[in-house]
Amino acid sequence: MLRFQRGDVSAFSELVQRHKQPLYNFLLRQLRTRSAAEDGLQDVFLRVVQSASEFKHEARFTTWVYTIARNMCIDQLRKMSLRNHDSLDRPVGEDGPSLGEQTSDGHSRASVERTATSDELRVRITQAVEALPEEQREVFLLREAANLPFKEIAEITSTPENTVKSRMRYALDRLQEALNEYEDVARSLR
């Protein structure tokens with residue numbers, strides 16, 4: 001970031017390459033549609049460019065950029081909550097080939113069943129994460145999707161570190177409870 005602030009445009013490309021995938025994953029989990037996450041990712045990096053002069057090197061770049069992403073998500077979710085209808089971009093089901101497309105490629109019945117079970121589990125996990133209270137979901141996603149340490153999550157959310165850890169514990173407890181019935185299924189997929 002220091003190089004970019006000094007005018008090295010190639011440094012910005014490095015920042016984008018290094019951070020785009022974890023940021024996209026965080027935005028996708030928060031905003032819940034690919035198109036919203038893609039637009040959000042562009043907005044985050046646009047804000048990085050526009051606010052580059054404001055970045056202070058006392059904080060880590062990841063803390064700063066996830067704070068931008070978090071605030072942008074909060075704004076987007078507020079706008080979406082004012083809608084009286086679902087977005088037309090919201091997927092109805094899991095993306096990917098249909099079961100018929102999978103079987104036409106010569107997959108064995110066991111392979112198809114395994115894929116179907118895996119897809120069902122993936123959908124259930126996504127639903128369980130989405131059902132978490134907002135503060136718990138945010139901490140869970142920053143920790144698990146963005147792989148940030150609790151200290152940085154505390155800085156990003158302006159919350160004491162112990163509170164962040166408590167929210168993570170509650171999130172994990174809720175997820176475990178919601179996914180208990182799939183424990184045997186998960187073992188069979190290994």
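Coordinate-derived values only; no laboratory data. Keep in mind it's a predicted model, so treat the numbers as computed, not measured. So basically every Cβ, Gly included, is an ideal-geometry build from the backbone, and we count neighbours across all protein chains shown.
Of all the residues that make up the range 35-63, how many are assigned to a helix (DSSP H, G or I) and without any contact (Cβ under 8 Å) to a residue 24 or more places away in the chain?
8
A quick yes/no check of all residues on (1) of a type in the set (Lys, Arg); (2) closer than 19 Å to Ala69 by Cα; (3) not in a loop (DSSP other than H, G, I, E, B):
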site: Arg122; (1), (2), (3): yes, no, yes
site: Glu135; (1), (2), (3): no, yes, yes
site: Phe140; (1), (2), (3): no, yes, yes
site: Arg143; (1), (2), (3): yes, yes, yes
site: Glu177; (1), (2), (3): no, no, yes
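Can you go through Leu23, Leu15 and tell me which one is over 18 Å from the mean Cα position of the chain (by Cα), in contact (Cβ under 8 Å) with a residue 12 or more places away in the chain, at negative phi and surrounded by 15 or more Cβ atoms within 10 Å (Cβ to Cβ)?
Leu15
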